[in-house]
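Reviewing the structure listed below.
Derivation of every value follows stated rules applied to the coordinates shown; laboratory data play no part. Keep in mind that this is a model prediction, so the values were computed, not measured. FYI the Cβ positions are ideal-geometry reconstructions off the backbone, even for glycines, and counts take in every protein chain you see.
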Amino acid sequence: MARYTSAACRLCRREGAKLFLKGDRCFSPKCGVERRAYPPGQHGQGRTRFSDYGVQLREKQKVKRMYGLLEKQFLGTMNRASRMKGRAGENLLMLLERRLDNVVFRLGFATSRAEARQLVRHGHFTVNGCKAVTPSMHLREGAKVELREKSRKVARIIGALEALEGKSVPQWLEIDKGAFSGVIKSLPAREDITLPIQEQLIVELYSR
C-alpha cells in the first residue's frame with residue numbers, strides 16, 4: 001500500500017502553513033514551520049512566484065496533505081463531490097470531514113489524523129456497534145463511533161482524551177468521554193470548518 005513515509009514537517013514547510021500533522025508538536029517551539037519558515041530543499045529560501053495554476057495546485061496539495069490522502073484518493077473524492085448537489089468545493093470538504101479517521105481525530109481520540117488512521121486500521125473502534133477498520137469510511141448523520149472495550153486502556157488514546165480537557169469538539173459532533181463514544185449530531189456545514197482553506201481554487205484546478 002502506497003503511503004508517505006518521509007518527515008511530516010517538510011509538508012508543512014512546503015505549503016507555508018501548519019497542517020497539524022504531528023499533534024502536540026505543532027503547538028510547541030519544535031514545530032518545523034516555527035523553526036524554519038521557508039520551503040525545504042536547496043532553493044527553499046529563494047524567491048518564489050506562483051502562476052494562477054501554481055496557486056491552485058498548492059491549495060490542492062495543502063488540503064490533500066492536511067487530510068492525509070494520496071492523489072488517487074483525493075481525485076476520487078473530488079469526482080464524488082462534483083456529482084453531488086450543491087457546490088462542489090463545499091461538498092469536497094464535507095466528504096473529507098465525514099471520513100472515519102477525521103471523525104476520530106475531531107472527537108479527540110487521537111492527536112493527529114495520522115494517529116487516528118493508525119488506530120482505526122488496528123481495529124480499536126466500532127461504528128454503530130460493528131468493528132470498523134477502514135479510515136476512509138464516510139459516516140452518516142446519527143452514526144455512533146465507540147472505542148472498543150479492550151482498547152480503553154491504550155495509553156495513546158487516554159493521553160489524547162486528557163489533552164482534550166478544556167477544549168471543545170466541533171458543533172456537529174458530540175462526545176461522551178465516560179462511555180468512550182461520540183455521535184454525529186448533524187452533517188458538517190461550511191461554517192463548521194475553520195481551517196484556512198479556499199476550496200474554490202481546488203474546483204478551478206480540476207475544471208481545467
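Between Cys130 and Arg80, the contour length at 0.36 nm per residue exceeds the alpha carbon distance by 15.5 nm. Taking a temperature of 4 °C and a viscosity of 1.567 mPa s, what whole-number D in µm²/s does Stokes-Einstein yield for region 100-187 with Rh from Kirkwood over alpha carbon pairs? This corresponds to a translational diffusion coefficient of 103 µm²/s.
Pairs from the table (Lys85/Lys153; Lys62/Lys153; Lys62/Lys185; Lys64/Lys185) lying more than 32 angstrom apart at Cα are Lys85/Lys153; Lys62/Lys153.
Simple spin-label estimate for Gln171 and Thr194 gives 1.2 nm between the two label positions (7 Å along the Cα-to-Cβ direction from each Cα).
For region 145-208, the pair-distance distribution built from all alpha carbon pairs, in bins 5 Å wide starting at 0, is 3, 13, 18, 17, 15, 11, 9, 7, 5, 1 percent. Sorting 183-190, 99-106, 60-67 by their mean Cβ neighbour count within 10 Å, with the most densely packed peptide first, gives 99-106, 60-67, 183-190.
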